[in-house]
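One structure below.
The values are calculated or read from the model by the stated rules, or taken from the named source; none is laboratory data. None of these values were measured; they are calculated from a predicted model. With ideal geometry, Cβ positions are generated from the backbone for all residues, glycine too; neighbour counts draw on all protein chains shown. Remember, those area values only see protein heavy atoms, side chains included, never the ligands or the DNA or RNA. Shrake-Rupley method; radii C 1.70, N 1.55, O 1.52, S 1.80 Å.
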Amino acid sequence: MFQNLIQTLTPLHGASVARAIVYALLEDVFGLSKTDVLLGRFEGLSATEKARFKACAARLSKGEPLQYVVGTAPFGDLRFEVTPATLIPRPETLELVEWIAAEENHRTSLRLLDIGTGTGCIAISIATMLPQANVSAWDISVEALTVAQRNAQRNGVKVDFKQVDVLAVKEAETYDCIVSNPPYICEAEKAEMTDSVLLHEPHTALFVPNNDPLRFYRAIAQLALSSLSPGGALYFEINRAYGAETCNMLRELGFVDVELRQDFYGNDRMVRALKAQG
């Protein structure tokens with residue numbers, strides 16, 4: 001049965017990825033390791049479990065991402081609930097979180113805001129890595145915030161979640177650090193994306209107009225000018241095509257020590273900028 005699923009998924013993903021998806025499904029949902037499967041223990045599943053496998057297989061065969069089928073996704077050492085109301089956490093975002101944790105761990109206290117929190121993976125991971133942090137998180141989506149709240153509970157941390165439209169807000173409390181992974185994919189880039197993303201992940205969390213790719217970055221940066229403490233840090237995950245433009249925009253607004261970093265694929269992916277001290 002599982003071999004048939006591998007064959008079905010191969011045209012969608014390639015043989016090696018199809019195999020990895022099926023083994024991950026068996027591990028995450030049924031607790032069967034690859035060794036268990038090779039020893040024939042898949043056949044020992046109950047009728048109810050096999051029916052569940054068939055239901056999962058049907059969803060995967062339609063191109064639905066494994067994380068939505070399973071209902072969770074790993075992110076670093078933690079695991080997060082994911083639903084169609086949230087983006088699936090990406091490893092590039094974990095690189096941003098690790099950068100923040102390394103840069104900000106010298107503080108005895110830290111007031112941090114995550115804008116566009118989605119699953120809460122950034123806010124919750126930072127709250128885990130930096131227990132001295134007082135973490136808040138915003139999202140425009142009530143559905144996403146509900147998922148994020150459950151994720152905070154499952155991972156044993158406290159985060160103050162609020163429904164906020166960052167394009168409408170004009171002022172906020174004072175923070176030492178603001179981080180955001182906002183929508184940054186231009187509509188014109190849809191042709192380069194897979195159906196598993198286009199047909200299943202929330203478009204409001206993905207796309208911006210072609211004529212204003214920095215819409216969210218500009219709004220968040222302007223908010224940060226008034227809401228960051230002197231010397232406070234602003235972190236972004238960015239569209240790899242707009243690294244220089246994002247950095248220039250931040251410098252023009254008056255931020256200092258603007259730094260652009262690449263992800264492990266070599267793409268421009270992360271920016272940090274500091275609010276001037278005086």
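Numbers below:
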item: Separation of the Ala241 and Lys170 label points, Cα + 7 Å toward Cβ, nm; result: 3.4
item: Helical mean residue ellipticity (222 nm; -39500 (n - 2.57) per DSSP H run of 4+; nearest 500) of the chain; result: -12500 deg cm²/dmol
item: Centre separation in Å (Cα based) which lies between region 139-159 and region 54-76; result: 21
item: Accessible-area ranking of Arg272, Arg215, largest first, probe 1.4 Å; result: Arg215, Arg272
item: Percent antiparallel among DSSP beta bridges (both partners in the chain, rounded to 5); result: 40
item: Cα Rg, Dmax (largest Cα-Cα span) when computed across the chain, Å; result: 20.4, 68
item: Charge tally in the Cβ shell below 14 Å around Thr8, where Lys, Arg are +1 and Asp, Glu are -1, Thr8 excluded; result: +3
item: Computed label-point distance, nm, for sites Asn267 and Lys50 using a 7 Å Cα→Cβ extension; result: 4.2
item: Ratio Rg/Rh [Cα only; Rh per Kirkwood] for region 41-152; result: 1.10
item: Calculated FRET value between Arg107 and Thr72, using beta carbons and R₀ = 30 Å, to 0.05; result: 0.45
item: Accessible-area ranking of Lys158, Lys275, Lys54, largest first, probe 1.4 Å; result: Lys158, Lys54, Lys275
item: Cα gyration tensor, region 127-184 - rounded (a/c under 1.5), prolate or oblate; result: oblate
item: Cα gyration tensor category, rounded, prolate or oblate, for region 91-137 with a/c compared to 1.5; result: oblate
